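The values are calculated or read from the model by the stated rules, or taken from the named source; none is laboratory data. Everything quoted here is computed from the prediction, not taken from an experiment. Quick reminder, even Gly has a Cβ in these numbers, built from the backbone with ideal geometry, and neighbours come from all protein chains shown. For accessibility, only protein heavy atoms count, side chains too; no ligands or nucleic acids. Shrake-Rupley method; radii C 1.70, N 1.55, O 1.52, S 1.80 Å.
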Amino acid sequence: MPEAAPEPVLEVRDLGIHFGGLHAVRDVTASVPAGQITAIIGPNGAGKSTFFNLISGFYQPTSGSIRFLGEDITRLKTHQVVARGIARTFQTTTIYKELSVLDNAMIGHRVRTRAGLLDALLRTGRERQDEQGSRAGAMRALERVGLASQAGRPAGALTQEGQKRVGIAMALASDPRLLLLDEPAAGMNPEETVSLMGLIRELVAGGLTVALVEHKMSLVMGLADRILVLHHGQKIAQGTPAEVSRDPTVIEAYLGGHAHGGQMGQPGQAGGSHA
Ligand SMILES: Nc1ncnc2c1ncn2[C@@H]1O[C@H](COP(=O)(O)OP(=O)(O)OP(=O)(O)O)[C@@H](O)[C@H]1O
Ligand SMILES: [Mg+2]
């Protein structure tokens, strides 16, 4: 028996953005329930990262609204969105490989609590003042991702999965309520993927709400409470993993673009023609 859905932390209504004539996200109405894992899937170019860019304030929507914890955040800038409690990781790694794991987490903390990356890198007076606070916040974030013992190592010396954990620690350093992960398992082997899934489960058990974009169906099906499916920028399905995986529209979306091996199991690997 399905339980009643928890209150949504995030609600988007008729959300859209177009770049010239291209509607990267179009009329998407969806919600992210508190304390759960919501996966956003869809073929390459479906608008998944753009959806995250809209929620996190990197892009301004051309239509629709975004509510977070009951507040309208549609027009807020990135640092204001972070201050409300939404943090994200990026599809491509954005860690500083030469710097220590701790320094990376501290940059995450400063960027998210202060004016911006430049301040964080140049270490202005204000930043120095906050050094102790950043360090403590960064160490807490590293503990949450299991990297406290690696704090002094160069981030680039860690495994792929370790480096992803650094990226997650950078996001956690702002102590978010909602964490957006864009393809967290990209480039990972199966063992690393399983380990990362364990981390995401732990974070959610600790009270965090997670929305993630991922092509690896083992992760999506193993983790997600609910799945939102985007195709050509539009929502074509939303439901439990079981509901979504037997939805004819979803199956067609995955098979349609990928003539061979087009199992819903591996949409990311099937094609590769998307630039
Ligand atoms: N800043 C931008 N300017 C113009 N077009 C953009 C911009 N950002 C995204 N797009 C386009 O919007 C569409 C959706 O892109 P998006 O990156 O959101 O896809 P995605 O679902 O994350 O794909 P992938 O699985 O390959 O990461 C693509 O056609 C992309 O080229
Ligand atoms: Mg993407």
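Quick rundown of the values:
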| read-out | value |
| --- | --- |
| Calculated FRET value between residue 75 and residue 246, using beta carbons and R₀ = 45 Å, to 0.05 | 0.70 |
| Sulfur and carbon atoms: percent of accessible area, the range 147-217 [1.4 Å] | 53 |
| Cα-based reach from residue 48 at 23 Å (exclusive), listing lysines while leaving out same-chain residues under 8 positions away | 77, 164, 216, 235 |
